[in-house]
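For reference, the structure is listed below as structure tokens.
The values are calculated or read from the model by the stated rules, or taken from the named source; none is laboratory data. Quick caveat, the model's predicted, so the values are computed rather than measured. Here the Cβ is made from the backbone with ideal geometry for all residues, glycine too, and neighbour counts use every protein chain on show.
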Amino acid sequence: MKVSFVSSPDFRRHQNGSYESGLYHPEIPDRLDAIENRLHRLGLWDELEIVEPMPATAGQLGSVHDLDYVTYVERACEEGPLSLDYDTGVVRESFLAATLAAGGACQAVDLVMSDAADAVFCAVRPPGHHAERDAAMGFCLFNNVAVAAEHARRAHGLERVAILDWDVHHGNGTQHTFEHDPGVFYLSIHQFPHYPGTGDATERGLGAGEGATLNVPMGAGTGDSEWIAALEGPMTRAIDEFKPEIVLLSAGFDAHAEDPLSSTLVSEAGYRTMTEIVVDWAARHSNCRLVSMLEGGYNLNALARSVETHVSTLRRASGR
């Protein structure tokens, strides 16, 4: 089946500040090299439709972020290397990478909405789900999945968008963007308590959006069986009630047992089953419209194996 893969060499131009200090930062360009090298080595790369992203427009970014914040990020990058918060740095090229990441997410929505692809995986960096309306945090500058969700509504007239986030860290920025909005259902499975401290099960949305947020926190030491049970149980029931017109996935792979930034034990086999569940959601409710965006994943070998499993499962399972 036709799976598109959003990729650009310019994503590697982003650095989380200067490396002259010798300090290690886990969100590095090598992450994309590890993914693409494995896909090439296994012959999967040639079976994908490779898409070169275009930068997000000011209107697309402004649907989620304050435009003053967008200008602030642009100017900070021009002055880089510098840090926007204690773990989120930029260099001059970071603004281009960040706008390409958000723009590629919008293009991915266009591809599935036009039936040009059955599913799309966006191998982007910097990641996005921690970015707030007016603040960078957690390695994230712009909230790629949130920009994609607004693009799906504004450009394609969709009324019900689902965002599943299975990164081990709760997507505070995505939740806060839509917590008052009943038209975007945010579902997150994540380690808790853990960075960034949000994502308790009691957080269900606010005002008109109450009930359109579902957090299923997982304790340290949980793995495939617990994460799959959450997706098959409460999350599938919620999706079946909401009936999304498109499914967006914040696909972090840092819940893997080998990841240095988590204490959970998900395996490649677990990600395979989790992908199959989400594909089924899209098949039953969204005419197979599924867009997956890379978030975390910091053990290079585990990340590459997990993305390969995810993409190969999309190829096998997607289709109309």
**Prompt:** When you go through Ala238, Ala257, Ala302 one by one, which is the residue that is of a type in the set (Gly, Ala, Ser) and farther than 25 Å from Ile35 by Cα?
**Reply:** Ala238
**Request:** Being in contact (Cβ under 8 Å) with a residue 60 or more places away in the chain and not in a loop (DSSP other than H, G, I, E, B) is the filter; apply it to the range 157-174 and report the residue that is nearest to Met113 (Cα to Cα).
**Result:** Val161
**Asked** Of the residues Arg272, Arg284, which single one is in contact with a Ser or Thr (Cβ under 6 Å, 6 or more places away or on another chain), basic (Lys, Arg), assigned to a helix (DSSP H, G or I) and closer than 26 Å to Gly104 by Cα?
**Response** Arg272
**Among the residues listed as Cys106, Cys122, Cys77, the single one being modelled with pLDDT of 95 or more and farther than 27 Å from Trp166 by Cβ** = Cys77
**Message:** Given (1) free of Cβ contacts under 8 Å to residues at least 60 places away in the same chain; (2) under 19 Å from Asp259 (Cβ atoms); (3) buried (at least 19 other Cβ atoms within 10 Å of the Cβ); (4) of a type in the set (S, T, N, Q), identify the lone condition not met by Ser225.
**Reply:** (3)
**Single condition Thr177 does not satisfy, out of (1) buried (at least 17 other Cβ atoms within 10 Å of the Cβ); (2) part of a loop (DSSP other than H, G, I, E, B)** = (2)
**Item:** Any hit, the range 123-143, residues being acidic (Asp, Glu), surrounded by fewer than 23 Cβ atoms within 10 Å (Cβ to Cβ) and either within 20 Å of Glu27 (Cβ to Cβ) or touching a Ser or Thr at 6+ places or on another chain (Cβ under 9 Å) (or both)
**Value:** yes
**Request:** Restricting attention to the range 273-310, report how many residues are at positive phi, in contact with an Asp or Glu (Cβ under 7 Å, 6 or more places away or on another chain) and surrounded by fewer than 24 Cβ atoms within 10 Å (Cβ to Cβ).
**Result:** 1
**Message:** Please determine whether any residue of the range 132-144 is under 25 Å from Arg160 (Cα atoms), assigned to a helix (DSSP H, G or I), at pLDDT 95 or above and not hydrophobic (A, V, I, L, M, F, W, C).
**Reply:** yes
**Asked** Which residue, of Ile239, Ile189, is assigned to a strand (DSSP E or B), under 19 Å from the mean Cα position of the chain (by Cα), modelled with pLDDT of 95 or more and among the aliphatic types (A, V, I, L, M)?
**Response** Ile189
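Quick check on the range 250-262. Is at least one of its residues within 16 Å of Leu231 (Cα to Cα), in a loop (DSSP other than H, G, I, E, B), touching a helix residue (DSSP H, G or I) at 6+ places or on another chain (Cβ under 6 Å) and touching a residue at least 24 places away in the same chain (Cβ under 8 Å)?
yes
Just wondering, is there one or more residues in the range 189-196 that are more than 19 Å from Thr275 (Cβ to Cβ), among the hydroxyl-bearing types (Ser, Thr, Tyr) and in contact with a Gly (Cβ under 8 Å, 6 or more places away or on another chain)?
Scanning the range 189-196, I find at least one residue that is more than 19 Å from Thr275 (Cβ to Cβ), among the hydroxyl-bearing types (Ser, Thr, Tyr) and in contact with a Gly (Cβ under 8 Å, 6 or more places away or on another chain), so the answer is yes.
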**Boolean, Gly211 is touching a strand residue (DSSP E or B) at 6+ places or on another chain (Cβ under 7 Å), assigned to a loop (DSSP other than H, G, I, E, B) and at positive phi** = no
**Request:** Output the number of the condition that Glu74 fails; it satisfies all remaining conditions of (1) touching a Phe, Trp or Tyr at 6+ places or on another chain (Cβ under 8 Å); (2) in contact (Cβ under 8 Å) with a residue 40 or more places away in the chain; (3) under 24 Å from Met137 (Cβ atoms).
**Result:** (2)
